[in-house]
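In what follows, a structure is listed as structure tokens, so that the remarks can point back to it.
Please treat every number below as a calculation from the coordinates, not as lab data. Here the structure is a predicted model, which means the values were calculated and not measured. Every residue, glycine among them, receives a Cβ derived from its backbone with ideal geometry; neighbour counts consider all protein chains shown.
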Amino acid sequence: MLRDVIGLIDCHNCPELGPLTANRPLASTSFLGRFAFIDFCLSNFTNSEIGNIGILVKDHQRSILKHLGNNTAWLRNTKTGLEQILYNERGILNPPYNHDINNLKENDWILYSSNASILVFVDPHIVTNIDLRPIIEEHVARRETMTMVYSQVEDSDTTFLNENTVELDEDNYVIHTEKNDGSRKKRNISLSMWIINRTGLAEIIQRHGTVNPLYGLKQMIPYLLKVSPFKIHAVKHEGYVRCFDSLENYVKYSFELLEPKVYAQLFRPDWPIYTLTHDTPPALYGKDAEVTDSFVANGCLVQGKVKHSILSREVKIGPGTVVEDSIIFSDCALGSEVSIKNALIDKYCVITQRQKVVGTPGETTYLKQGAIK
């Protein structure tokens, strides 16, 4: 266990996905039927032997706590690590100032109560699997103040929009960073993963008050690069990485993982992705059920047809019902002879018999949580 490292999951920089994140943060939003986005951050930390974890919550704290099981599901043994929710109540009352730096100021006890010399920041909307240990080891060996992780993206004209691009010198130090405006197809893109020395973070926080009180960490770092000799070493990450920054990309990347080759890139046997478990039975299939090219979570009852779709826990599909190219969240009930196509149906929805919820391949129809149709 890396006792001198604190892992920080920064929910302040997560984009909004329209109605999907109206009542929940992206971090605790359902993904692939049984995961939440925060699970990938937590799994990367725990697999990398980082046991001291802080979650910087921007809003909707209840949803985060519900998924984490009040901190008992992941870590509770203080001899090996501890998981903490960091929440800035004053920021909720003043949204422009509700950013990660002010959250850290409000919860500075996590720094003072620890002997950790290194902090690792990650954002939940960037999904990947990454072993942070060699990056931290290199950071320490080189005596860097800050190390960032980036990826070389081949389609940055349409993906990772509004994330920071990175220009590097011959020694892989960052010389310039700015928002990706989609003007170039191939760019180095910051994955919003930062390894920062405790002293370096203290300098950022100290200077923050004299720069702009509205700046968060994502704005302060480019500023410091411009006005001071603030050195940031960059490490390239290879492999699967996706930026979930819109409802369209949420649907697109979810279905992408139905492809076995793509799925194998994210879910590796040597790098487990953990999540909160539920005491539910296996999925039950009726005698006339047909399921192809789909994820079906435990607790589902399928009596109709499911094609190229994702069913979360406890979804009920009635006889004669057809679900195609759709994502259905947990605890939904679909009656008999229902037609669902190109739809995203949120939790606790009830669709009575012979109803239709149909979208188009380019425009998914969204049914809000708890709707009855």
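Taking chymotrypsin sites (Phe, Trp or Tyr not before Pro) across the range 235-269, the ones in a DSSP loop with at most 15 further Cβ atoms lying within 10 angstrom of their Cβ are Phe267.
Of all lysines in the structure, the ones whose alpha carbon falls short of 21 Å from that of Lys218, not counting any fewer than 8 places away in one chain, are Lys58, Lys105, Lys179, Lys226, Lys231, Lys236.
Loop only per DSSP, at most 12 neighbouring Cβ atoms within 10 Å: give me the chymotrypsin sites (Phe, Trp or Tyr not before Pro) in the range 273-318, ordered by residue number.
Working: sites: Tyr274, Tyr285, Phe295; in loops: Tyr274.
Qualifying residues, ordered by number: none.
Listed by chain and number, the lysines whose C-alpha is less than 20 Å from the C-alpha of Lys356, apart from same-chain residues fewer than 8 away, are Lys305, Lys307, Lys316, Lys341, Lys347, Lys368, Lys373. Treating each Cα of the range 176-271 as one equal point scatterer and applying the Debye formula with no solvent, the log10 of I(q)/I(0) at q = 0.12, 0.19, 0.24 Å⁻¹ comes out as -0.59, -1.07, -1.33. The average projected area of the range 230-347, computed from the convex hull of its Cα atoms over all directions, is 9.8 nm².
Which loop-located GluC sites (Glu not before Pro) does the range 153-199 contain, where loop means any DSSP state but H, G, I, E or B and the Cβ has at most 16 other Cβ atoms within 10 Å? Working shown, then result.
On the way: sites: Glu154, Glu163, Glu167, Glu170, Glu178; in loops: Glu154, Glu163, Glu170.
Here the sparse-neighbourhood loop sites are Glu154, Glu170.
Based on DSSP H assignment, which helices of the chain show an axial Cα extent of at least 18 Å together with a mean Kyte-Doolittle hydropathy greater than or equal to -0.5? All intermediate terms of the calculation are to be shown ahead of the outcome.
Details: long enough: 198-211 (20 Å, -0.19).
Correct list, ordered by number: 198-211.
Within the shell of other residues whose beta carbon sits under 15 angstrom from the beta carbon of Glu106, the net charge comes to -2, with Lys and Arg scored +1 and Asp and Glu -1. One decimal place: the segment Arg268-Lys252 gains 3.7 nm when fully extended, by the rule 0.36 nm per residue minus the C-alpha distance.
Residues Arg24, Arg198, ranked from the fewest to the most other C-beta atoms within 10 Å, line up as Arg198, Arg24.
Applying 1/(1 + (r/R0)^6) with r as the Cβ-Cβ distance of Gln355 and Thr158 and R0 = 56 angstrom yields a FRET efficiency of 0.95.
Pulled fully out, how much extra length does the chain show between Asp288 and Ser117, if you take 0.36 nm times their separation in residues and subtract their Cα-Cα distance?
Values: separation 171, 0.36 × 171 = 61.56 nm, distance 5.94 nm.
Contour length minus the Cα-Cα distance gives 55.6 nm.
Between the range 274-353 and the range 98-137, the alpha-carbon centres lie 37 Å apart.
Spin-label model, Asn212/Arg3: points 7 Å from Cα along the beta carbon direction are separated by 4.2 nm.
From least to most packed, judged by other beta carbons within 10 angstrom and beginning with the fewest, Lys316, Lys186, Lys368 follow the order Lys186, Lys368, Lys316.
Percent of C-alpha pairs per 20 Å bin in the chain, short distances first: 28, 55, 17, 1. A Stokes-Einstein calculation at 4 °C with viscosity 1.567 mPa s, built on the Kirkwood radius of the range 284-367 over Cα pairs, returns a diffusion coefficient of 108 µm²/s.
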